[in-house]
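The values are calculated or read from the model by the stated rules, or taken from the named source; none is laboratory data. What you see is a predicted model, and the numbers here were worked out from it, not measured in a lab. FYI the Cβ positions are ideal-geometry reconstructions off the backbone, even for glycines, and counts take in every protein chain you see.
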Amino acid sequence: MFDNERFLTCGVDSSIPRELQLFIWQLIDQLPEPRDHLQIFDLKKIGCMQSITHRSEQPEYSKTYLLPSENPVAEKLYVIDDGGHSTMLLASEY
């Protein structure tokens with residue numbers, strides 16, 4: 001899973017910094033198999049830090065990262081693998 005062509009929505013492109021997009025793809029790439037087809041990312045601002053909580057349901061997984069950031073973002077993202085391609089989207093675009 002997640003080893004196919006990758007896409008992102010206009011909402012992600014306009015509101016999530018490119019470095020953060022790449023970091024999220026890297027987190028997915030580092031997950032061991034099997035991977036859930038739905039990966040969830042909760043992004044929060046904590047002062048001048050970016051908090052990223054990465055979750056999935058099957059298998060159950062949760063890990064939080066804290067990164068320094070000039071412009072932290074508060075959003076919820078989904079990354080979905082439908083077998084043919086993987087798409088990163090804002091939860092509000094689902």
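Condition check ((1) modelled with pLDDT under 95; (2) surrounded by fewer than 11 Cβ atoms within 10 Å (Cβ to Cβ); (3) aromatic (Phe, Trp, Tyr); (4) out of contact with any Phe, Trp or Tyr (no Cβ under 9 Å at 6 or more places or on another chain)) across all residues:
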position: ARG6; (1), (2), (3), (4): no, no, no, no
position: CYS10; (1), (2), (3), (4): no, yes, no, yes
position: SER14; (1), (2), (3), (4): no, yes, no, yes
position: PHE23; (1), (2), (3), (4): no, no, yes, no
position: GLN30; (1), (2), (3), (4): no, yes, no, yes
position: PRO34; (1), (2), (3), (4): yes, yes, no, yes
position: LYS44; (1), (2), (3), (4): no, no, no, yes
position: GLN58; (1), (2), (3), (4): yes, yes, no, yes
position: TYR65; (1), (2), (3), (4): no, no, yes, no
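Within region 70-81, which residues are modelled with pLDDT of 95 or more and either aliphatic (A, V, I, L, M) or not in a strand (DSSP E or B) (or both)? So that I can check it myself, show each step before the final result.
Filtering region 70-81 for residues modelled with pLDDT of 95 or more gives 72-81.
Within region 70-81, PRO72, VAL73, ALA74, LEU77, VAL79, ILE80 meet the criteria.
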- request: Could you list all residues from region 27-44 that are within 16 Å of ASN4 (Cβ to Cβ) and of a type outside the set (A, V, I, L, M, F, W, C)?
  value: ASP29, GLU33, PRO34, ARG35, ASP36, HIS37, GLN39
- request: Kindly provide the set of residues from region 85-94 that are out of contact with any Ser or Thr (no Cβ under 6 Å at 6 or more places or on another chain) and either at pLDDT below 95 or under 17 Å from PRO17 (Cβ atoms) (or both), ordered by number.
  value: MET88, LEU90, TYR94
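Mind checking which residues of region 1-40 are assigned to a loop (DSSP other than H, G, I, E, B) and out of contact with any strand residue (DSSP E or B) (no Cβ under 6 Å at 6 or more places or on another chain)?
Filtering region 1-40 down to residues assigned to a loop (DSSP other than H, G, I, E, B) leaves 1-4, 9, 16-17, 31-37.
Within region 1-40, ASP3, ILE16, PRO17, LEU31, PRO32, GLU33, PRO34, ARG35 qualify.
Please verify whether THR53 is without any contact (Cβ under 8 Å) to a residue 40 or more places away in the chain and in a strand (DSSP E or B), treating the condition exactly as stated. Steps first, please.
Values: without any contact (Cβ under 8 Å) to a residue 40 or more places away in the chain: yes; in a strand (DSSP E or B): yes.
Yes, satisfied.
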